[in-house]
Structures are given as structure tokens and as C-alpha cells.
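No value in this document is a laboratory result; all are computed from the given coordinates. What you are looking at is a predicted structure, and each value in this text was computed from that prediction instead of being measured. Cβ: placed from backbone, ideal geometry, glycine included. Neighbour counts: every protein chain shown.
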Amino acid sequence: MRDLSGVSELRRERYARQQPAELAELAGPAHGTVTLPVHLAWSGLTRFDLDQPRLRMSYYRIILAEGMHDDLVHYLNHSLLISLWPVLRTLINRDLRAP
């Protein structure tokens with residue numbers, strides 16, 4: 001069996017470089033409908049109503065998985081991320097949530 005710890009480490013390092021220094025930098029919307037660009041939502045749905053819990057969770061999963069630093073700052077809202085985190089952390093790749 002292959003040792004994938006090196007791959008996970010590379011993913012964690014890549015994601016750590018993309019994260020903003022502080023949660024307060026996350027200035028994205030908390031309500032309303034948001035249309036994501038194709039470089040983020042490349043596999044289907046691009047419009048998300050943040051007032052719909054399932055769509056909001058999908059929106060956050062996509063941005064965390066696909067977004068670069070500027071995307072995270074622009075599309076994520078720090079208060080929403082904190083409130084969603086207990087469930088969201090179970091839905092995203094382990095490498096994205098590692099310290």
C-alpha cells in the first residue's frame with residue numbers, strides 16, 4: 001500500500017498558504033444570492049441562495065475546496081464560517097481542516 005502522507009502534507013501546506021491571516025479578513029456576503037465564477041463552481045451549480053441552508057453549505061464547501069486566498073476573502077463571511085464550522089468541518093477534506 002502506498003504512503004500518502006507526503007501528498008497530504010503538500011495539500012495542507014498549499015492550503016495554509018491560501019488562508020487569510022485572520023478570520024476578520026473574510027468579508028463575503030451573509031445573505032442573498034451569489035453567483036460564483038467558473039474557476040470555483042466548475043462542475044455544475046453556480047448560483048447559491050445563502051438564505052437556504054443546503055445551498056449555503058454547498059457554497060462554503062466549494063469555496064474552501066477550490067478557492068485561492070482572494071476567493072476566500074471575497075466570498076466567505078467570518079461569522080457564517082464560524083457558525084457553519086461544526087458541521088462543515090465534517091464535510092470537507094481532512095487536509096483542509098488540519099492545523
(request) With a/c under 1.5 counting as rounded, go ahead and sort segment 23-97 into rounded, prolate or oblate using the C-alpha gyration tensor (a ≥ b ≥ c being the square roots of the eigenvalues; past the cut-off, prolate if a/b is larger than b/c, else oblate). (result) rounded
(request) Convert each backbone phi in segment 58-63 into a coupling constant with the Karplus relation 6.51 cos²θ - 1.76 cosθ + 1.60 (shift: θ = phi - 60°), then list the ³J(HN,Hα) values in order as whole Hz, x for Gly and Pro. (result) 4, 4, 5, 4, 4, 5
(request) Kindly put ILE62, ILE92 in sequence by how many other C-beta atoms sit within 10 Å of each C-beta, fewest to most. (result) ILE92, ILE62
(message) Using the crude model of +1 on Lys and Arg Cβ and -1 on Asp and Glu Cβ, and no other charge, please compute the dipole size for segment 23-97 relative to its Cα centre, in debye to 20.
(response) 320
